[in-house]
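Take a look at the structure set out below.
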Amino acid sequence: MKIKEINVYVCSPGRNFVTVKVITEEGIYGLGDATLNGREMAVVSYLQEHVAPCLIGRNAHDIEDIWQYLYKGVYWRKGPVNMAAIAAIDMALWDIKGKAAGLPVYQLLGGKSRQAVTLYAHASGENVEDTLDKTEDLIKQGFKAIRLQSAVPGLNVTYGVLGDKKDYYELQGNRPLPPEEPWSTQKYFNMIEELFSKARARFGNDVHLLHDVHSRLTPIESAKLGKLLEPYNLMFLEDASIAENQDSYKIIRHHTTTPLAIGETYNTIWDCKDLIQNQLIDYLRAAATHAGGITALRRMADFASIYNVKTAPHGAPDLSPICFAAHMHLNIWAPNFGIQEFVGLGNEQSKSIFKQSIEVKQGMAYVSDAPGLGIEFDEEAAKEFPYKRSYLPVSRLEDGTVWNW
Ligand code: EZ4
Ligand code: CO
């Protein structure tokens, strides 16, 4: 089944999405997500100029060989641009293989390990009470796990909380440049315990609570936070600190039993091999789009499983519905699946482009038996929402020092 054509599309139904379509001579095609938030066009160019020409005429069934060819064969291993491009091609090839076999991708991975996928939703509020009210709404909708974030009093904006702006585009205005946001660890610590103590008092102990620190703390500060939050029994604390130096997580781990999650920016197993092998984390948040696709995530899940590390794929709005579909097939299969981050199935614009076959009921997601990834992409609808430059905010300490996002 020879690859005849590879097309790359960029659309912006609220967020920029880079979509890859691999078409075979038989007419079977596959879809993949190559969205690298804030650096989208680098991947588009890499795919069009450097990847697509090498794949025309190759057998679309050779998923593993093509993965290795694009990873080992380029000399420049790893890296977000390279791995997002590999990921999109890889997803598209799994989609093709599934369609050719008449089977959903999860069947090719080994079948279902569970009937449905547990989701965690976001409650992000302007203050503690607002976050708690949003949490209550989500509990009423049936969500069993909720990530709590609140704006920090004394800081005019806080990550994850957009205020009266409906999205990052509105936040950036008509000439998008990176917005800048202040950070104060001291002010954050004044708020955080109140948030979780009030949440447990109001919602009891059955609902799973989570929190994302967005790497704003040093390891010893993260250790302190983990200890502080132990009474509130978090499912996990995400991105407590940057782990470019993977050993630094020993400091956090040695001080707290709050479970730790990391990995949404990771590109390969090498970014987290030591974290996993030394049992310094509990959940791996790597995303199919940023860590080399289904082939790579399957391997990472298997490696993680022997160290009791569960998977919890990134599910932010800047990953396209194609990535979400890929995650769902991995999640329903992976014996060591933990939980899936969930921010909805997309706005109306996005739904007009991406036809998803996943169903969400009572905080659980169900995969359909459609062959392949079970998602369609409407090229004509995509043209109505062209690419628009966009950046994530940059974080600075109150004295102006650039800080971690
Ligand atoms: O900041 O996706 O867990 N989710 C997150 C996201 C990320 C954005 C950055 O691309 O941390 O909100
Ligand atoms: Co995160």
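The values are calculated or read from the model by the stated rules, or taken from the named source; none is laboratory data. Everything numeric in this text was worked out from a predicted model, so none of it was measured. Here Cβ is always computed from backbone atoms with ideal geometry, including for glycine, and neighbour counts include all displayed protein chains. Accessible surface areas use protein heavy atoms only, side chains included; no ligands, DNA or RNA. Shrake-Rupley method; radii C 1.70, N 1.55, O 1.52, S 1.80 Å.
Cut-off 19 Å, label point 7 angstrom out along Cα-to-Cβ of Glu376: give me the residues of region 299-330 whose amide nitrogen falls inside. Residues 321-326 fall inside that zone. Annotation: lysines with alpha-carbon distance below 23 angstrom to Lys198 (same-chain offsets under eight excluded): Lys134, Lys140, Lys144, Lys187, Lys224, Lys227. Note on Lys351 and Ser368: the model spin-label points, each 7 Å out from Cα along the C-beta direction, lie 1.4 nm apart. Where the accessible area of the chain is counted over protein heavy atoms with a 1.4 Å probe, how much of it, in %, is carbon and sulfur? Whole-percent figure for carbon plus sulfur exposure: 50.
Scanning residues 5 or more positions from Gly292 or on other chains, those with amide H under 5 Å from its amide H are Ala87, with H placed 1.01 Å from N in the peptide plane. Region 185-207 and region 1-70 have Cα centres spaced 44 Å apart. Each residue of region 219-225 was assigned a 3J(HN,Hα) from its phi angle through the Karplus expression (A = 6.51, B = -1.76, C = 1.60, θ = phi - 60°), giving x, 6, 5, 5, 4, 5, 5 Hz with x at Gly and Pro. Calculated accessible area for region 71-129 comes out at 39 Å² per residue, all protein chains present (probe 1.4 Å; ligands, DNA, RNA ignored). Taking a straight line from the alpha carbon of Lys97, these lysines sit under 22 Å away, with near neighbours fewer than eight places off in the same chain left out: Lys2, Lys4, Lys21, Lys112, Lys355.
Give the residues of region 259-300 whose amide nitrogen is closer than 13 Å to a point set 7 Å from the Cα of Asn245 in the direction of its Cβ. Inside the label zone: nothing.
Peptides 131-141, 5-15, 207-217 ranked from most to least packed give 207-217, 5-15, 131-141, packing being the mean of other C-beta atoms within 10 angstrom over each peptide's residues. Segment Glu136..Glu398, full-extension length gain: 91.0 nm, with 0.36 nm per residue of separation and the alpha-carbon distance subtracted.
Only Lys, Arg, Asp and Glu count, each charged at its Cβ (+1, +1, -1, -1), so figure out the dipole size of region 3-103 about its Cα centre, rounded to 20 debye. Display every interim value, and only then the final one.
Working: 10 positive and 11 negative charges, 56 e Å.
It works out to roughly 260 debye.
Given their separation in residues at 0.36 nm each and the Cα-Cα distance between them, Ala101 and Glu64 gain 11.6 nm when the chain is fully extended.
For a modelled paramagnetic label at Lys227, 7 Å from Cα along Cα-to-Cβ, the residues of region 244-276 in reach, with backbone nitrogen under 16 Å, are 250-259.
Using the heavy atoms of the protein chains alone and a 1.4 angstrom probe, what is the accessible area of region 207-316 per residue in square angstrom?
Dividing the accessible area of region 207-316 by its residue count gives 35 Å².
Projecting label points 7 angstrom from Cα along Cα→Cβ for Thr257 and Asn190 puts them 3.2 nm apart.
Each stretch of four or more DSSP H residues adds -39500 (n - 2.57); spread over every residue of the chain, this sum gives -10000 deg cm²/dmol at 222 nm. With a cap of 11 neighbouring Cβ atoms within 10 Å, and only residues DSSP puts in a loop, list the trypsin sites (Lys or Arg not before Pro) found in region 40-104. Sparse-neighbourhood loop trypsin sites (Lys or Arg not before Pro): Lys72.
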